[in-house]
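Here the structure comes first, spelled out in structure tokens, and everything after it is commentary.
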């Protein structure tokens, strides 16, 4: 586990390697999120300060892209595909089941920090529809009844 | 490169760098717009093409194009008002309205809303689309700016002004799609320029009318008003006076009609500010310390330096701003003079400015446990109050300010214009150093451009001055100071482009370009100054009396107690 200072040093080094260029903002945010796990406001302000731009500008970008998150993600991130193919094959029902089992809504994290439930649009595995991913591992040809058993593995 | 085009079957030869909208406007062809903004003061053209109201037909093109963002090309044939275009525009506006509260009757922008005007102009009688509101119809107030996200049309003008004109970039568009909204402000300085450009009631100002009305109807309160220099050439805008008209005397009378106990002048405070600030400047010049002196009348600028350049806080003059000085004197010397308990005195300021509201709430701006200023009304707000009471400025008789704290020199009037405060300092400094002022007009510091430099001779000294308006220009100068590249003795900074005449609380005229309004107001102010019997602050007899009877000399202990303040590092806010 890295200390806070080590994480900031790593980020600052990366920003410096890009000459504090504000047009690299998205790359910097990606790196920051991979280091810290999420992008709280204080971190956005730090980045803004380094790049000599307004925190409002950074916030505008962070809030625009669904990839960026301002709240810490759970240990296991569940992504349910709501792309057209998965959707017509009932991925909305899969999502509902997950919400029911985890007692959270789409986009939220369980209070114990174990699961984050999110949705996305098409993972490019339409042949396996409906599909969900947990921590990058793909589960295909899902039925609502499969969900509980899969969750139990985590 | 010149190209030939046709608009509505008429031929024009114009530069290909121009857009359809620019050519149309140049030739008086009306194309309605909503998100588009041309900020002439800073030559900023904002054309996100996001509202689609300015769509026009171009022959040979399948889709309608936004006139604001489409450049003209050789042979282009544009039709601006065909049935197809008008129907499409109506749809666009109906879609905007389907996501709008449509509570025009209770809306603070009623009668001044660009969306409302557009709906009227396009003859919209029915909204064919049903929709849910993407944002809540609520009023959220922060830094005296009131935000109602449900009324926002996402034109982005506020963001553009804050970022490109003011250089603060306190706000941005956040989230995406249906959820998109203007973000919470970070390090806002309350200049109010965003409110001035908002086409709807998404951004409005906080109001103090009720507090003032309550004070006026309280028999135990002695209600005094003081009116800022820039208000007297702007209030008339709300009552069909030509832009820049001097309505001082009618304005004074209007306060009497509303029942104010005394009508006094912020100008008196401005002359007093000049006494203290000039004294401070000459002292610093002598000791060569804390130079350049920077004026501190503008609360937007003060908030800016506190938040962004706290390491330079030794440079602004510690003199309070004119209305704060006025308030301090009103509740001490003046209270004594007229024999009224200072606790009963309620001081209202009429200001061209939103940041003055925030300034008035600063805790260090009080003496003996009494806040120097109790309420601030902007010009827009005051006009609203007058209309509410059925008072028409145009039909009022004329009246003069009450005596004591009512007299002022022309040097006080010019505080309204960019360059005015420094010119006023130069006048008094010249008088003090040489005993006379041969030419009170320091033309070199006047103008409208964002940054101006001048060297003026004051006594035996060549004084290097710099004047900046629009807070973005302040940041340029602060960076120069930090790098040691700024060779000035004194700097004047005003947060709004053009100075207080273009303040965030001033009326907006719909009948002419803002740049022309600013010029007319500036000229109005210089005319008032020109016609004043006294043009130098230290010649103000009421000021002389105040020092003789009460304060002693400029910079005295008592003057420091009442008339000076301090600033704080707000970079972490």
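Listed values, structure above:
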{"item": "DSSP-defined beta bridges in chain B - what % are antiparallel, rounded to 5", "result": "60 percent"}
{"item": "Rg ratio (alpha-carbon, reference 2.2 N^0.38 Å) - region B:432-573", "result": "1.27"}
{"item": "Peptide B:309-315 - average C-beta neighbours from other chains (10 Å radius)", "result": "0"}
{"item": "Extension gain from residue B:126 to residue B:510, taking 0.36 nm per residue of separation minus the Cα-Cα distance", "result": "135.6 nm"}
{"item": "Peptide-level mean, for A:52-65, of C-beta atoms on other protein chains within 10 Å", "result": "6"}
{"item": "Residue mean of other protein chain beta carbons inside 10 Å, B:175-185", "result": "3"}
{"item": "Per-selection Rg to Rh, region B:125-185 - Cα, Kirkwood hydrodynamic radius", "result": "1.03"}
{"item": "Expected-Rg normalisation [2.2 N^0.38 Å, Cα atoms] applied to region B:427-470", "result": "1.24"}
{"item": "Quarter of Cα convex hull surface for region B:2-81, i.e. mean projection, nm²", "result": "5.1 nm²"}
{"item": "Label-point separation in nm, residue B:336 to residue A:138, each point 7 Å along Cα→Cβ", "result": "8.6 nm"}
{"item": "Quotient of Cα Rg and 2.2 N^0.38 Å for chain B, N being how many residues it contains", "result": "1.02"}
{"item": "Whole-Å semi-axes of region B:174-247's equivalent ellipsoid (Cα gyration tensor)", "result": "33, 21, 12"}
{"item": "Principal semi-axes in Å for region B:100-203 [√(5λ), Cα gyration tensor, largest first]", "result": "24, 15, 13"}
{"item": "Computed [θ] at 222 nm, deg cm²/dmol, the protein assembly as shown (DSSP H ≥ 4; -39,500 (n - 2.57); rounded to nearest 500)", "result": "-10000 deg cm²/dmol"}
{"item": "Shape call, region B:466-530: gyration tensor on alpha carbons, a/c limit 1.5", "result": "prolate"}
{"item": "Difference of contour (0.36 nm per residue) and Cα-Cα distance, residue B:87 to residue B:283", "result": "63.7 nm"}
{"item": "Share of Cα-Cα pairs in region A:76-152 lying beyond 18 Å, as whole percent", "result": "29 percent"}
{"item": "DSSP-defined beta bridges in region B:428-536 - what % are antiparallel, rounded to 5", "result": "60 percent"}
{"item": "Among B:480-490, B:21-31, the order from most to least packed when residues are scored by Cβ within 10 Å on average", "result": "B:21-31, B:480-490"}
{"item": "Value of relative contact order over region B:74-225, rounded to a whole percent, pairs C-alpha under 8 Å and six or more apart", "result": "22 percent"}
{"item": "Segment residue B:443-residue B:133, length gained on full extension (0.36 nm per residue, minus Cα span)", "result": "106.3 nm"}
{"item": "Inter-label distance, nm, simple model (7 Å from Cα along the C-beta direction), residue A:5/residue B:4", "result": "7.5 nm"}
{"item": "Solvent-free Debye scattering, log10 I(q)/I(0), computed from the Cα coordinates of region B:351-435 at q = 0.12, 0.15, 0.16, 0.25 Å⁻¹", "result": "-0.62, -0.92, -1.02, -1.18"}
{"item": "Antiparallel DSSP beta bridges within the protein assembly as shown, as percent of all bridges there, nearest 5", "result": "55 percent"}
{"item": "Rg/Rh ratio calculated on Cα atoms of the protein assembly as shown (Kirkwood radius)", "result": "1.03"}
{"item": "Rounded to whole Å, sorted largest first: equivalent-ellipsoid semi-axes of region A:4-64, Cα gyration tensor", "result": "15, 13, 10"}
{"item": "Computed FRET value (nearest 0.05) for residue B:105 with residue B:73, which takes r as the C-beta separation and R₀ as 35 Å", "result": "0.15"}
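Each reported figure results from applying straightforward, stated rules to the coordinates on display, with no laboratory input. Note that the structure is predicted; figures quoted are calculated from it, not measured. Because the Cβ atoms are built from the backbone with ideal geometry, glycine has one as well, and the counts that use them run over all protein chains shown.
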